[in-house]
Amino acid sequence: ELGDYAHYMLKEIFEQPNSIENAMRGRLDEDEATAKFGGLNLSSQQLRHIDRIVLTACGTSWHAAMVGEYLIEEFARIPVEVEYASELRYRNPPLNDRTMIFAITQSGETADTLAAMRECKRKGHPTLAICNVVGSSIAREADGGVYLHAGSEVGVASTKAFTSQVTVLTLLALFFGRMRHMSWQAGRNIIRELRTMPEHVERTLKCHDVVQEIADKYHRCSNFLYLGRLYNFPVALEGALKLKEISYIHAEGYPAAEMKHGPLALVDENTPSVFIVPKGGIYPKVISNLEEVKARKGPVIAIACEGDDRIADLADDVIYVPETDECLQPLVTSIPLQLLAYHIALLRGCNVDRPRNLAKSVTVE
Ligand code: F6R
């Protein structure tokens with residue numbers, strides 16, 4: 001099953017051009033410039049009635065939910081909240097009768113996510129699953145949902161499930177957007193960008209050798225910071241989580257501008273900062289955050305867009321990714337971070353596919 005790959009994690013990272021394609025297959029409607037789903041099990045009147053969405057999940061799936069929040073609010077202008085399932089299940093927040101819940105989960109068996117979903121269902125909210133494992137508990141108990149079709153994910157560190165979740169959330173944002181404020185033309189633009197995504201991801205994977213060199217340079221460090229803004233803020237959190245879980249290095253993700261409110265004190269010559277700084281409106285702001293770190297002698301690894309000829313003078317190391325629409329950047333910027341965690345873990349002699357203390361599906365509270 002592993003083929004030529006040394007580990008499942010690496011195999012699953014390299015499967016992403018395909019898994020992203022599979023998440024979109026049959027779901028793009030060019031004529032109507034929207035997405036379509038077979039299993040939402042709600043009428044368009046019911047869906048039109050929704051005025052608030054809660055996304056609930058754990059871990060990496062929770063990071064995908066955070067990208068989803070930005071996407072849905074931007075495309076559809078529906079207020080979205082992202083809740084840790086472990087909190088939501090005991091928190092009893094006020095949800096109105098127009099609130100819809102999505103439980104996001106690779107395995108479909110995460111105990112907290114299942115419990116949060118049951119609690120929302122019991123209260124009568126339409127409760128849908130975004131899930132990979134067909135026939136899993138969450139998939140069965142949800143009122144409806146969307147499968148990822150990512151294929152089985154064996155590595156404990158979630159990789160392809162994350163990009164598939166983000167893809168499905170993009171489709172949902174497009175769908176809700178086109179029921180509300182989004183124009184046909186804007187919908188078509190998103191579809192066009194989505195269609196080129198498998199190619200973009202394929203090209204991103206070519207950074208593998210560069211990432212390996214960077215891993216070699218920094219694998220002995222004991223602390224890392226991951227920084228990004230807007231759509232790349234959740235990517236920073238996800239990059240830090242990947243590094244923590246498989247290489248046992250302490251890492252923290254932050255929205256880049258939060259640095260000066262505390263974390264900047266951690267910066268020194270031995271604490272690398274991974275800056276996710278692709279092209280876009282926020283670019284100059286992230287660059288000034290990056291310069292603050294450089295001024296404190298912190299090594300900087302930048303994830304930047306191809307054609308950015310300025311970044312190499314500012315950062316110690318650069319990993320280039322193809323340019324894409326800002327709202328779709330997480331699908332490419334997350335990939336070098338997965339590879340970086342993988343190579344650092346390898347160099348530290350860690351068990352990449354089965355990290356200590358962790359299980360692939362967390363079926364206990
Ligand atoms: C991290 C990771 C975990 C899971 C979390 C939720 O790489 O794999 O953080 O994302 O345990 O799992 P699912 O998505 O199966 O509910």
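The values are calculated or read from the model by the stated rules, or taken from the named source; none is laboratory data. Since the structure is predicted, the reported quantities are computational estimates derived from the model, not experimental observations. In this analysis, Cβ positions are derived from the backbone assuming ideal geometry, glycine residues included, and neighbour counts consider all displayed protein chains.
Scanning the stretch 119-162 for residues that are of a type in the set (S, T, N, Q) and under 25 Å from Tyr5 (Cβ atoms), we see that the one that is farthest from the ligand (Cβ to nearest atom) is Ser152. Looking only at residues of the stretch 54-68 that are of a type outside the set (A, V, I, L, M) and over 16 Å from Ala115 (Cα atoms), we find that the one that is farthest from the ligand (Cβ to nearest atom) is Gly68. Against the numbered list (1) closer than 14 Å to Ile276 by Cβ; (2) among the hydroxyl-bearing types (Ser, Thr, Tyr); (3) in contact with a Pro (Cβ under 6 Å, 6 or more places away or on another chain), Tyr218 comes up short only at (1). Looking only at the stretch 251-265, filter to residues that are out of contact with any helix residue (DSSP H, G or I) (no Cβ under 7 Å at 6 or more places or on another chain) and modelled with pLDDT of 95 or more; which one of those is surrounded by the most Cβ atoms within 10 Å (Cβ to Cβ)? Filtering the stretch 251-265 for residues that are out of contact with any helix residue (DSSP H, G or I) (no Cβ under 7 Å at 6 or more places or on another chain) and modelled with pLDDT of 95 or more, the one surrounded by the most Cβ atoms within 10 Å (Cβ to Cβ) comes out as Glu258. Of all residues in the stretch 232-249, those that are within 9 Å of Pro355 (Cβ to Cβ) have Cβ atoms under 6 Å from Cβ atoms of residues that are within 8 Å of the ligand (Cβ to nearest atom), 6 or more apart or on another chain, in Glu245/Ala157; Ile246/Ala157. If you go through the stretch 286-299 and pick out every residue that is buried (at least 22 other Cβ atoms within 10 Å of the Cβ) and either assigned to a strand (DSSP E or B) or under 24 Å from the mean Cα position of the chain (by Cα) (or both), you end up with 3.
Pairing each residue of the stretch 97-116 that is of a type in the set (Lys, Arg) with any residue that is more than 8 Å from the ligand (Cβ to nearest atom), provided the two are 6+ apart or on different chains, yields C-beta distances under 9 Å for Arg98/His49; Arg98/Ile50; Arg98/Asp51; Arg98/Arg52.
Given Arg229, Arg140, Arg178, which one is surrounded by fewer than 16 Cβ atoms within 10 Å (Cβ to Cβ) and not small (Gly, Ala, Ser)?
Details: Arg229 fails: surrounded by fewer than 16 Cβ atoms within 10 Å (Cβ to Cβ); Arg178 fails: surrounded by fewer than 16 Cβ atoms within 10 Å (Cβ to Cβ).
Only one candidate passes the filter, namely Arg140.
Say whether the condition of being within 15 Å of the ligand (Cβ to nearest atom) and in contact with a strand residue (DSSP E or B) (Cβ under 7 Å, 6 or more places away or on another chain) is met by at least one residue in the stretch 85-93. Checked the stretch 85-93: at least one residue is within 15 Å of the ligand (Cβ to nearest atom) and in contact with a strand residue (DSSP E or B) (Cβ under 7 Å, 6 or more places away or on another chain).
Considering every residue within the stretch 336-348, establish whether at least one is surrounded by fewer than 17 Cβ atoms within 10 Å (Cβ to Cβ) and either in a helix (DSSP H, G or I) or at pLDDT 95 or above (or both). Among the residues of the stretch 336-348, at least one is surrounded by fewer than 17 Cβ atoms within 10 Å (Cβ to Cβ) and either in a helix (DSSP H, G or I) or at pLDDT 95 or above (or both), which makes the answer yes. In the stretch 1-59, of all residues being assigned to a helix (DSSP H, G or I) and among the acidic types (Asp, Glu), the one that is surrounded by the most Cβ atoms within 10 Å (Cβ to Cβ) corresponds to Glu12. Looking across the stretch 216-267, just one residue is charged (D, E, K, R) and in a strand (DSSP E or B), and that is Glu252.
When Pro272 is tested against (1) within 20 Å of Leu337 (Cβ to Cβ); (2) of a type outside the set (D, E, K, R); (3) surrounded by fewer than 22 Cβ atoms within 10 Å (Cβ to Cβ), just one condition goes unmet, and that condition is (3).
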